[in-house]
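Q: Before I ask anything, here is the structure I am working with.
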Amino acid sequence: MAFQKTLVLLKPGTVQRALIGEVINRFERKGLRIAGLKMMQLTDELLSEHYAHLAEKPFFQRVKDSMMACPVVAMCLEGVDAIEVVRTLAGPTNGRKAPAGTIRGDYSMSFQENIVHASDSPETAKVEVARFFREDEIFDYSMNNLLSTYANDEY
Ligand code: ADP
């Protein structure tokens, strides 16, 4: 077990539907530490890199356009096994199929408009955190609640 950092984006739909606070609260109350947090207007160039694995899909441009509709909120979250924990909190991609209790299951009715992006592996998390945050935008302060958040052999 180890502390990991992962990238989360609160998508434009989340900003438009005034769900920023509610979604951030899901991550905070779980016990994840916010290592970085900012608002950004994404560009087609950055999104072509970020969603390169979708380049051949018919909806590629539509997904990118949706991600540029207004600023997003970018977050770097940290915790033990944070990448998997955040993916579990987010739920499956299609909001209509995502189980109740997950963020997408609770707030999304759409495959595309699904509230959050979350890194899906240690390799992508490393690349994605560096894609969205400069080193001096990531803060390694310590939380004073670790002993209440984890058993002492878990971190
Ligand atoms: P995830 O965000 O769950 O990791 P992907 O990396 O496969 O999923 O896709 C990136 C984003 O592209 C999704 O979050 C969603 O907004 C959009 N997307 C993926 N597949 C579809 C689809 N079949 N129809 C519409 N939008 C899609």
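The values are calculated or read from the model by the stated rules, or taken from the named source; none is laboratory data. These figures come from a predicted structure and were not determined experimentally. Every residue, glycine as well, gets a Cβ built from its backbone with ideal geometry; the counts of neighbours run over all protein chains shown. When the accessible area is computed, the model is the full protein with side chains, heavy atoms only, and any ligands, DNA or RNA have been set aside. Shrake-Rupley method; radii C 1.70, N 1.55, O 1.52, S 1.80 Å.
Q: What are the residues in region 6-21 that are farther than 12 Å from Asn114 by Cα and touching a Ser or Thr at 6+ places or on another chain (Cβ under 9 Å), if any?
A: Within region 6-21, Thr6, Leu7, Val8, Ile20 meet the criteria.
Q: Which of the residues that make up region 109-155 are within 11 Å of the ligand (Cβ to nearest atom), of a type in the set (Ser, Thr, Tyr) and over 15 Å from the mean Cα position of the chain (by Cα)?
A: Hit for region 109-155 is Ser110, nothing else.
Q: Also: Just checking, which of Pro71, Pro92, Pro58 is open to solvent by 70 Å² or more (accessible area, probe 1.4 Å) and either touching a Gly at 6+ places or on another chain (Cβ under 8 Å) or farther than 30 Å from Asn144 by Cα (or both)?
A: The conditions single out Pro58.
Q: Please name all residue pairs, on different chains or six or more residues apart, with Cβ atoms under 6 Å, provided the first residue is in region 72-91 and is of a type in the set (Lys, Arg) and the second residue is not in a helix (DSSP H, G or I).
A: Arg87/Ala118
Q: Let me confirm something: among Ala18, Ala2, Ala52, which residue is at pLDDT below 95 and open to solvent by 30 Å² or more (accessible area, probe 1.4 Å)?
A: Within the list Ala18, Ala2, Ala52, the selection yields Ala2.
Q: Sticking with this one: Please find, within region 99-125, the residue that is least open to solvent (accessible area, probe 1.4 Å) out of those that are over 20 Å from Val72 (Cβ atoms) and part of a helix (DSSP H, G or I).
A: In this case the residue turns out to be Gly105.
Q: Which of the residues spanning region 20-75 are of a type in the set (S, T, N, Q) and within 15 Å of the ligand (Cβ to nearest atom)?
A: Ser48, Gln61, Ser66
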